[in-house]
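**Q** One structure is given below, represented as structure tokens, and several questions about it will come after.
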Amino acid sequence: MSVGKNIVFLHGAGLSSYIWEDFSQQYFPGSTCAPFPFRESNQAFKRKITLEDYCQSVGEAILQHSSHRKVVLVCHSISAIVGLQLIDNIGEKINGIIGIGASVPCPGNNFFSTLPIPQRILMPWITRLAGTKPPENVIRKSLCEGLVEASADTIINGYAAESYQLFGSKVQYDLGGIYKGYVKLLSDKAYPLSSQKNSIANFRPHSIKQLSSGHLPMLSHPVELAGLLVSMLLDYKRKIKGINA
């Protein structure tokens, strides 16, 4: 659909743009996938990467892709943290955010604040001590739920640790004038429904859809996800006129 040129896909923690590449070009030709920074860097260097570095990497991709048009960000999982902060950085370029099993803390809070107790208390300590890359068996059982074995192997082999700052930095944003959509993933074991419900309460989206999928619906349920996004983008076209009227 023609609106594809206005869409920028963001991937979640540990992943890369490859999770969106086939999906985006098949269903939304002309769209782009914005990468996180320094994917090949060593762990010592990654500790120094800030949330602003993530925003700069994604922001540059947005400006390169669409220098004269406003865009809709489709944010998977924790990439919504980056998308929300970008509203504060380059909000004039962004007309909408659609979260896919996305983490949306209240302004002034971080990713951990969206987790249920006791994870909200324990995970900051665990992540600092053990790092941000889970063991292989955890990745396979959580992120890869519903994927064929070959796809799961690709995810596991390509999984990269992130900076703690992506998880621990407080995000500031104002969503006035922004279209908001959310796709709830009913079988997500990596970011479960309790956390998604917290995020939805913080986000207050104009449209909420749901999909019986694990954490990576762009790989496991591409047709169904594309249909939901098309529906939301049509809703976006109608709503954005009213928002900016």
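**Q** Going residue by residue through region 110-123, is there one that turns out to be touching a Gly at 6+ places or on another chain (Cβ under 9 Å), over 29 Å from Gly227 (Cβ atoms) and in a helix (DSSP H, G or I)?
**A** Taking every residue of region 110-123 in turn, at least one turns out to be touching a Gly at 6+ places or on another chain (Cβ under 9 Å), over 29 Å from Gly227 (Cβ atoms) and in a helix (DSSP H, G or I).
**Q** Which is under 15 Å from the mean Cα position of the chain (by Cα), modelled with pLDDT of 95 or more and either surrounded by fewer than 17 Cβ atoms within 10 Å (Cβ to Cβ) or not charged (D, E, K, R) (or both), of His206, His215, His221?
**A** Of His206, His215, His221, the one residue that is under 15 Å from the mean Cα position of the chain (by Cα), modelled with pLDDT of 95 or more and either surrounded by fewer than 17 Cβ atoms within 10 Å (Cβ to Cβ) or not charged (D, E, K, R) (or both) is His215.
**Q** How about region 135-153: which of its residues are assigned to a helix (DSSP H, G or I), crowded, with 16+ Cβ neighbours inside 10 Å and either in contact (Cβ under 8 Å) with a residue 60 or more places away in the chain or among the aliphatic types (A, V, I, L, M) (or both)?
**A** Here is the first cut: in region 135-153, the residues assigned to a helix (DSSP H, G or I) are 136-141, 149-153.
Next cut, crowded, with 16+ Cβ neighbours inside 10 Å only: 139-140, 152.
Of everything in region 135-153, those that are assigned to a helix (DSSP H, G or I), crowded, with 16+ Cβ neighbours inside 10 Å and either in contact (Cβ under 8 Å) with a residue 60 or more places away in the chain or among the aliphatic types (A, V, I, L, M) (or both) turn out to be Ile139, Ala152.
**Q** Of all residues in region 142-159, how many are more than 20 Å from the chain's Cα centre (by Cα) and either of a type in the set (Val, Ile, Thr) or farther than 18 Å from Ser17 by Cβ (or both)?
**A** 4
**Q** Oh, and also: Which of the numbered conditions does Tyr236 fail, given that it passes all the others? Conditions: (1) closer than 25 Å to Ser16 by Cβ; (2) buried (at least 20 other Cβ atoms within 10 Å of the Cβ).
**A** For Tyr236, the failing item is (1).
**Q** Collect the residues in region 193-203 that are within 29 Å of Ala152 (Cα to Cα) and either free of Cβ contacts under 8 Å to residues at least 24 places away in the same chain or over 16 Å from the mean Cα position of the chain (by Cα) (or both), keeping them in residue-number order. Please lay out each step first, then the result.
**A** Narrowing region 193-203 to residues within 29 Å of Ala152 (Cα to Cα): 193-200.
Leu193, Ser194, Lys197, listed by residue number.
**Q** Let me ask something else about it. Please work out which residue is farthest from the chain's Cα centre (by Cα), limiting yourself to region 44-96 and to residues that are over 30 Å from Ser194 (Cβ atoms), modelled with pLDDT under 85 and outside any loop (DSSP other than H, G, I, E, B).
**A** Among residues in region 44-96 that are over 30 Å from Ser194 (Cβ atoms), modelled with pLDDT under 85 and outside any loop (DSSP other than H, G, I, E, B), the one farthest from the chain's Cα centre (by Cα) is Ala44.
**Q** Anything in region 5-26 that is part of a strand (DSSP E or B) and free of Cβ contacts under 8 Å to residues at least 60 places away in the same chain? List them, or say none.
**A** none
**Q** Output the number of the condition that Tyr173 fails; it satisfies all remaining conditions of (1) part of a loop (DSSP other than H, G, I, E, B); (2) of a type in the set (Phe, Trp, Tyr); (3) touching a strand residue (DSSP E or B) at 6+ places or on another chain (Cβ under 8 Å).
**A** Status for Tyr173: all satisfied but (3).
**Q** Out of region 155-170, which residues are in contact (Cβ under 8 Å) with a residue 24 or more places away in the chain and either in a helix (DSSP H, G or I) or among the aromatic types (Phe, Trp, Tyr) (or both)?
**A** Matches in region 155-170: Ile155, Gly158, Tyr159, Tyr164, Gln165, Leu166, Phe167, Gly168.
**Q** Out of the residues in region 63-90 that are in contact (Cβ under 8 Å) with a residue 40 or more places away in the chain and out of contact with any Leu (no Cβ under 9 Å at 6 or more places or on another chain), which is surrounded by the most Cβ atoms within 10 Å (Cβ to Cβ)?
**A** Within region 63-90, the first condition is being in contact (Cβ under 8 Å) with a residue 40 or more places away in the chain, and the residues that meet it are 65-66, 69-85, 87-88.
From the residues that got through so far, the ones that are out of contact with any Leu (no Cβ under 9 Å at 6 or more places or on another chain) too are 65-66, 69-71, 88.
Numbers: His65: 18, Ser66: 18, Arg69: 10, Lys70: 14, Val71: 23, Asp88: 13.
Applying the filter and picking the extreme gives Val71.
**Q** OK, next. So which residues in region 91-128 are surrounded by 15 or more Cβ atoms within 10 Å (Cβ to Cβ) and of a type in the set (Gly, Ala, Ser)?
**A** Scanning region 91-128 gives Gly91, Gly96, Gly99, Gly101, Ala102, Ser103, Ser113.
**Q** Would you check which residues across region 46-94 are farther than 17 Å from Pro105 by Cα and in contact with a His (Cβ under 8 Å, 6 or more places away or on another chain) and list them?
**A** Across region 46-94, the qualifying residue is only Val71.
**Q** Which one of these is among the small types (Gly, Ala, Ser) and out of contact with any His (no Cβ under 8 Å at 6 or more places or on another chain): Ser113, Ser142?
**A** Ser113
**Q** Cβ-Cβ under 9 Å, sequence separation 6+ or interchain: first residue in region 213-242 and under 24 Å from Glu149 (Cβ atoms), partner of a type in the set (D, E, K, R) and assigned to a helix (DSSP H, G or I). Which pairs?
**A** If the second residue must be of a type in the set (D, E, K, R) and assigned to a helix (DSSP H, G or I), the pairs left are Ser213/Glu224; Pro217/Glu224; Met218/Asp22; Leu219/Asp22; Pro222/Asp22.
The values are calculated or read from the model by the stated rules, or taken from the named source; none is laboratory data. None of these values were measured; they are calculated from a predicted model. In this analysis, Cβ positions are derived from the backbone assuming ideal geometry, glycine residues included, and neighbour counts consider all displayed protein chains.
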